[in-house]
Every structure is written in structure tokens, then in C-alpha cells.
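Following: one structure in C-alpha cells, then a few remarks.
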Amino acid sequence: MNILITGGAGFIGNHVVRLLVNKYPNYKIINLDALTYAGNLENLADVQNAPNYFFEKATILDIESLDKIFNKYEIDAVLHLAAESHVDRSIVSPLDFVYTNIVGTVNLLNAAKKYWANNLAQKNLFYHISTDEVYGSLGEEGLFTETTSYAPNSPYSASKASSDHFVRAYAETYKMPIVISNCSNNYGPFQFPEKLIPLFINNIISKKPLPVYGDGKYTRDWLYVKDHAFAIDLLLHKGTIGSTYNIGGFNEWQNIDLIKLLCKLMDEKLGNKQGTSEQLITYVKDRKGHDKRYAIDASKIKSELGWIPSLTFEEGLSETIDWYLNNKEWLEKVTSGAYQHYYEKMYANR
Ligand code: NAD
Ligand code: DAU
């Protein structure tokens, strides 16, 4: 199979690329990424010379490039991860999310539709990697299932909901073979330090305040990123065409409890007196339209395909902290912006 992965230089994308490059030496894995602030090719340094890995710097907003790439690599399946992914940024610049997440997704659907038009094969698949935020917010009780109505509240989740609807519409209208998965909050190595867990690890290392939005009593369901990548591999090969799957960690945490656990583990690992990191907690103004609670019912992927998370949260969080502590240079390059020169350095003369 020749698999096009969009957004492969991002947080989840690099784990998916690495998994597939290593697990399927007979596949061609093509990583298409625009290398926005969130894309970091250095994340893939360990596989960049693998014979079955190919990189294309391109934006999903460029229709011509998409057509060229489909033809050049004879693409069989698409794993679409490229997106603007940060809720706070979407509140400031909603249009960026409309362009990349909605228009970009429709461009990609059109490129796949055009390329597969005359010879649609069994192995063709357009798989959209989406989010649980499309379902909106839960109260104290209940879980999101695959049949929960869409009710997105942020510009980010509205753009992802819209892209999900376009993917579904292409399945109905043009018989595009599709799968959609809606996953909960991921954490792990290589996450950009704007998201809660890596931001707070970075701030504890640099002894900066930990900005807790509102009262901190917001709930998220956390999943280790490598377990999300395993689920994506499974759905790529065994997902029922035309289906949606929820993916989650069976692992709900109120932000403030998670932050206190993180502070405790950081103090242990840094050899600090217990309570040192907690002193950095600073309550700040709430996020606009802040969703109260997300929690996923992942029983469909569990019962149909046997997927469950492989790590407990304590294991995953501990591994994640160790990774950031052992990769302070990565954090330094990402926060200073130096990572953005990696592409020119490594690829300019190829
Ligand atoms: P990320 O922001 O870390 O990475 C996004 C990647 O997309 C980057 O490499 C960026 O360069 C690339 N990109 C952005 N705009 C592009 C464009 N116009 N053309 C080509 N590439 C472009 O995001 P992530 O956290 O890895 O999320 C990946 C996908 O998974 C997103 O679609 C997101 O909505 C979804 N998702 C994320 C989470 C999470 O917790 N992070 C959970 C569920 C679903
Ligand atoms: O649920 C899946 C989604 O999870 C993905 O689709 C998104 O791409 C991903 O960014 C994530 O969205 P969240 O908004 O839930 O993640 P974030 O890490 O930004 O925030 C997690 C919680 O922590 C949320 O309730 C807001 C809060 N928070 C976040 C930051 C960055 C703070 O209290 N302080 C902060 O500084």
C-alpha cells in the first residue's frame, strides 16, 4: 500500500508515521506536511532515511500539489491528520481553522476522488482523524458515543465537525470509502508546549507560573498518543468502511487533579521538596466557551476490534515526563523557534 499521511510532522502524526514506517517495510509512507509552527521534521529524524519513507512539503490548500502527489506516489489510502489543532488559537484566529480544517479537507477529498475516479480499489480509504470535541460538552454524567449529536462550541471544534460532515457527505454522494475516528485528549512525547501537559512540564522546568483556566474543574479524558497511533493502524486495516469510531482513554481527570499529580511527579523526578511545583499554580481568566467535560465511550472499537489502551495513565504520564526531562534540548529548540530551520538544513540539498 502507498499511504499518504497528512500532518505527519505534527504531534500525533509523527507517532503514526514512525509506527507504519517500522511495521510495514513493504508500504510506502508519504508524509505531506506544510510545516506550520506545529510541524517539526526533527521529530522524525529516526526514520527520515528509511527506504519506505517519503516527505513532501506542501499545504492541503494547494490543489495542484495534492494532485501531483497522488499521481507521483499512486496513493492507495489517506490518513488525514493535518489541521490547526489548538482551541485557544482558534478563539483568536477562527479563519485559519476554516481554511486548513475545512477547505483543506475538501481539497484533499477532491484530490482522492479525482485520483480514484476510474479505478476505485478495495484498498482505497480516506480516513479522517478527528476529535471528541465535535460532540460539544457533557454534564456530570454520561459519555460521548458514536451516535451523540454534534454540538461543537469552539471555532476549532466547529471546523473539525464541518470537516467530518464533508467526509461523510463524500461517502454518501460519491461513494468515497471513508472511516472517521473521534479521539479524546492525547498526551506524550513530541507534543507542542502550548497544550496543557507539555506546557506545564516546561513551565515547571523553567519555574514559570502554571496558568489554570477558571476554577480548574474541567474534565478531559486522556489517552497516551502511542495508543491512539495503534488504534489508527487498526482502523486503517480493519475499520468498517463508512463507519465512525470513538477512541478514548477510559481515563477522566479534572484539570486541577491532573495538574496536582503532574506537580507531584515532577517534584519526585526533579528531586524537589514535595509541594514546590504546586506553588506555581496560578488561577487565570477562563477560556471563552470552555467545554466543561469530555468523556468517551470507546466500547465500539473495543468490542469490534479488541483495542484498549496499553498503558495506565500513571505509566504514560511518568514516561512522558521522563521524555521531556531527557529531551530538554528539543523543548529549548521548540520554544526558541530553532526547530523551524531543520527542514532547510536536512532537505534543501536532496
Ligand atoms: P498538531 O498541531 O501537533 O499537528 C498538525 C500538523 O499539521 C503539523 O505538522 C502541521 O504542520 C500540519 N499542518 C497544519 N496545517 C497544514 C496544512 N495547511 N497543510 C499541510 N499540513 C498542515 O496536531 P495534533 O495534535 O498532532 O493533531 C493531529 C490531528 O488529530 C488533528 O486533525 C486534530 O484535530 C486531531 N486530534 C488531536 C487530538 C489531540 O489531543 N492532540 C485529539 C483528537 C484528535
Ligand atoms: O479532546 C481532544 C482535543 O484535545 C483535541 O481535539 C485538540 O486538538 C487538543 O488540543 C485538545 O483540546 P483541549 O482544549 O482539551 O486541550 P488543551 O491542552 O488546550 O487543554 C486541556 C484542558 O486544560 C482544557 O480544559 C483547558 C485547560 N488549560 C489548558 C491550557 C493550555 C488550562 O487550564 N491552562 C492552560 O494553559
Cα long-axis angle, helix 155-174 against the chain (0 to 90 degrees, to the nearest 10): 20
Percent antiparallel among DSSP beta bridges (both partners in the chain, rounded to 5): 5
Cα shape, the stretch 12-117, gyration tensor, a/c 1.5 rule: oblate
Accessible surface of residue 253 - all protein chains present, 1.4 Å probe, nearest 10 Å²: 50
Formal net charge of residues neighbouring residue 124 (Cβ-Cβ distance under 13 Å; K, R +1; D, E -1): +2
Signed unit charges on C-beta, dipole axis of the chain, positive-most listed residue 45, 347, 230: 347
Shape call, the stretch 139-217: gyration tensor on alpha carbons, a/c limit 1.5: prolate
Degrees between helix 104-116 axis and first principal axis of the chain (Cα, 0 to 90, nearest 10): 30
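Under 11 Å from the Cβ of residue 2, count the other residues' Cβ atoms, weight Lys and Arg +1, Asp and Glu -1, and hand me the total.
So the surrounding residues net to +1.
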In the stretch 1-62, the chymotrypsin sites (Phe, Trp or Tyr not before Pro) that fall in loop regions by DSSP, at most 14 other Cβ within 10 Å: 37
Relative contact order of the chain, defined on C-alpha pairs under 8 angstrom at six or more residues apart (%): 18
Qualifying lysines (Cα of each under 19 Å from Cα of residue 273; at least 8 residues distant if same chain): 207, 208, 260, 264
Selection from 148, 2, 135, by position along the positive dipole direction of the stretch 2-347 (Cβ): 2
Tail beyond 35 Å, pair distance distribution of the chain (Cα, percent): 20
Between the stretch 286-350 and the stretch 26-75, the Cα center-to-center distance that results, in Å: 20
In degrees, nearest ten, helix 196-205 long axis to first principal axis of the chain (Cα): 50
The chain - mean residue ellipticity at 222 nm from DSSP helices (-39,500 (n - 2.57) per run, n ≥ 4, rounded to 500): -12500 deg cm²/dmol
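The values are calculated or read from the model by the stated rules, or taken from the named source; none is laboratory data. This structure is a prediction, so every number in the text was calculated from the model and none was measured. We place every Cβ from the backbone using ideal geometry, glycine too, and count neighbours over all the protein chains shown. Remember, those area values only see protein heavy atoms, side chains included, never the ligands or the DNA or RNA. Shrake-Rupley method; radii C 1.70, N 1.55, O 1.52, S 1.80 Å.
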